[in-house]
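Readers should treat all values here as calculations from the given coordinates under stated rules, not as data from a laboratory. Owing to the predicted nature of the structure, the values given are computational and were not obtained by experimental measurement. Neighbour counts are summed over all protein chains in view; Cβ atoms, including those assigned to glycine, are modelled from backbone coordinates with ideal geometry.
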Amino acid sequence: MRWWAATGGTRRLGRAAIVLGVLLLPGSAHPGAPTHAARPRVTVVEPGAASVAFRPLYAGRPIDGLAGKSVSIWLSDLRSGSRHAPEAHAWNGYVEVSPVPTGVYRVQLVVRESRSADPDAAKRLLPGDLVGDLAEVALVHDGGSRTVDVPLARIMRLREPEDTRDGVGWTPDAKPRLTSPVRFSWDAVPGARRYQVRVQVRCGQSFAGRAFSTVAAGNLDVTHWTVELPPTTPGEDYHLTVAALGKVATVGTLWVQGPKWYGFDYPFTVEAPATPPVTGWWLMLPRMVGGEADVGAPLRAWCAYAEHDSGEPCAEQLTKFRNSGASGLVGFAFFGARCVPAAEVRRPPRRARIGTSVQRALEQAVGDHGTVGTPAQLGVAMDPPPWLLVVPSVTDGASGRLPVLAVDLAPEDEQPGAEVSVVTARALAGVPEYWRIRPSRRPDADVLDVWTQPNAGQRRYDRFLGIQGARARRLALAALPGVTVDVLAMLPPLCP
């Protein structure tokens, strides 16, 4: 909707009156357009005072216990731009204010939760507060009285990438610097059915025109969102908005409060990933083309078969291959293989490669049935702390937020039997399912070891299954019925 305001003079309509302004409805043209455009609506205001009462609504229903809460009202005069904060009293589900001068106002109503003795606390909008905003309330008759419904939305609490419970400590000129993928999570909002999320990029300082453009959006039924975002360039920043949608109205909105500033979005920047020093060597296998090894192809087309700390063990493995007479893998040849410094190969280390694919596959499989994250992210204490956990969503009828799956990445140099103490600890903790990912004897694949049915009395799990990652199959989670994980997507082979 485009708004155009025009001031007018006064004329007599039985008594003194003020022509406040002109509002062009959607589809109207601006002043000066051809005369066949829609006629403007003129609001006439009588001088004097009027009374008004507001009925706050949440999710379409009146709010219980309103009398015990802190209530504030702001009225912004659309004609003069002046702002009033009349004294407000909550009574029997309504908020009454003292008589105000007649006019057309924008109204903001805030219902705050209890505050500490902090003198600035009453000025802030913090998670849990309820806020409503009406674009136009007309009080045009002297001595008149109106009752107006005000839909309220709850200020949402962001949990990740930082907790906004008490606001944030930084200013818009010193936004948080994050790395991609960025994970956002927030507290569930009562009455919410879905959450609309959006990330926009802003270029420069102007908020007008096309300064904003949407780069990612979602319509979710869970309280977390992970999104890949390219690094911001100088002068750019991202802005996250979140809205909780109920059955009949918006019931929650993100609001960020900082030192002497506030906003309805969460601004941040994304840094380019740091490039770690590349060390080590890779045993590279050329691709078979027409029955022969294509040794002239660029390295990106070769198979990064095995990673070594130095060139000596890589050369030893290459010699064993040549002496064994083995031909190679499907599609790749041992003949023509060679050892190459990792700096030339530019392949991520195993732990980084597996870490990304495992978390992504789990998040895709679990969906709204639960949440995937580290113990710190999920607020779960476990000794020793696992690499990843899956906790069920409260909508799945789970009691509390106890983990249903723990996942670990075995160290590259782990000795046989070193995992026994960890498996015992997981069984004693009652974790229904424990996964451990380890390198196999085949360097081009990993093994997923799965333990289920914990038996605390025997200090062990009753069932065990070992899965070669290179074999395509789906694995069902024992404690989340209907959830299956694509093992091949989770543990992709180095030589596809």
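Relative contact order, percent, of the stretch 281-345 when contacts are C-alpha pairs under 8 Å separated by at least 6 residues?
After rounding, I find 49 percent.
Mind putting a number on the dipole of the stretch 281-345 about its Cα centre? Charges go on the C-beta only, +1 for Lys and Arg and -1 for Asp and Glu, and I need it in Debye to the nearest 20.
In total the dipole reaches around 180 debye.
In terms of modelled amide H atoms, which long-range or inter-chain residues lie less than 5 Å from the amide H of residue 393?
Hits under the 5 Å cutoff: 370, 371.
Over all distinct alpha-carbon pairs, what is the Kirkwood Rh of the stretch 254-331 in angstrom?
It is 17.1 Å.
For the pair residue 429 and residue 83, what calculated FRET efficiency results from E = 1/(1 + (r/R0)^6), where r is the Cβ-Cβ distance and R0 = 56 Å, to the nearest 0.05?
About 0.50, to the nearest 0.05.
Would you please report the Å³ per residue occupied by the convex hull of the alpha carbon atoms in the stretch 245-392?
246 Å³
With an 8 Å Cα cut-off and a minimum separation of 6 or more residues, compute the relative contact order for the stretch 157-271 in percent.
34 percent
With +1 assigned to the C-beta of every Lys and Arg and -1 to the C-beta of every Asp and Glu, and no other charges, what is the dipole magnitude of the stretch 157-271 about the Cα centre in debye, to the nearest 20?
360 debye
Work out the FRET efficiency for residue 368 and residue 113 from their Cβ-Cβ distance, taking R0 = 30 Å, and round it to the nearest 0.05.
The formula returns an efficiency of 0.60 here.
What percent of all Cα-Cα pairs in the stretch 175-333 falls into each 5 Å bin, going from 0 up to the bin containing the maximum distance?
Taking all Cα pairs of the stretch 175-333, the binned fractions are 2, 7, 12, 13, 11, 8, 6, 7, 8, 8, 8, 6, 3, 1, 0 percent.
Taking the Cα centre of the stretch 46-154 as the origin, how large is its charge dipole in debye, to the nearest 20, when only Lys and Arg (+1) and Asp and Glu (-1) carry charge on their Cβ atoms?
240 debye
Under a 5 Å amide H to amide H cut-off, with H placed in plane at 1.01 Å, what residues pair with residue 94 once short-range neighbours are removed?
none
Are there any GluC sites (Glu not before Pro) in the stretch 50-118 that are in a DSSP loop and have at most 16 other Cβ atoms within 10 Å? List them by number.
Sites meeting the loop and neighbour criteria: 87, 113.
Give me the aspartates and glutamates in straight-line cross-link reach of residue 175: C-alpha distance below 16 Å, same-chain residues under 8 apart excluded.
Excluding near neighbours in sequence, the set is 160, 162, 163, 236, 237, 265, 271.
Which whole-number percent is the relative contact order of the stretch 46-154 (Cα, under 8 Å, 6+ apart)?
After rounding, I find 38 percent.
So how many Å³ per residue does the convex hull of the Cα atoms of the stretch 125-262 work out to?
Output value, Cα hull per residue: 154 Å³.
Once you put a point 7 Å from the Cα of residue 301 and another 7 Å from the Cα of residue 233, both along the Cβ direction, what distance in nm separates them?
3.3 nm
Given points 7 Å out from each Cα along the Cα-Cβ axis, report the residue 162 to residue 141 separation in nanometres with one decimal.
Computed distance between label sites residue 162 and residue 141 equals 5.2 nm.
What's the FRET efficiency of residue 180 with residue 312 using the Cβ-Cβ distance as r and R₀ = 45 Å, to the nearest 0.05?
According to the calculation, E is roughly 0.75.
At what distance in angstrom do the alpha carbon centres of the stretch 303-336 and the stretch 55-92 lie from each other?
74 Å
Order these peptides, 285-292, 166-173, by their mean beta-carbon neighbour count within 10 angstrom, highest first.
My ranking of the peptides, most packed first, is 285-292, 166-173.
With viscosity set to 0.890 mPa s at 25 °C, what whole-number translational diffusion coefficient in µm²/s follows for the stretch 46-154 from Stokes-Einstein and a Kirkwood radius over Cα pairs?
171 µm²/s
What are the residues whose amide H is under 5 Å from the amide H of residue 150, where those residues sit 5 or more places off or on another chain and H is modelled from the backbone?
Residues meeting the amide H criterion: 55, 57.
Using 0.36 nm times the number of residues separating residue 352 and residue 249, minus their current alpha carbon distance, what extension gain do you get?
Difference between extended and current length: 32.8 nm.
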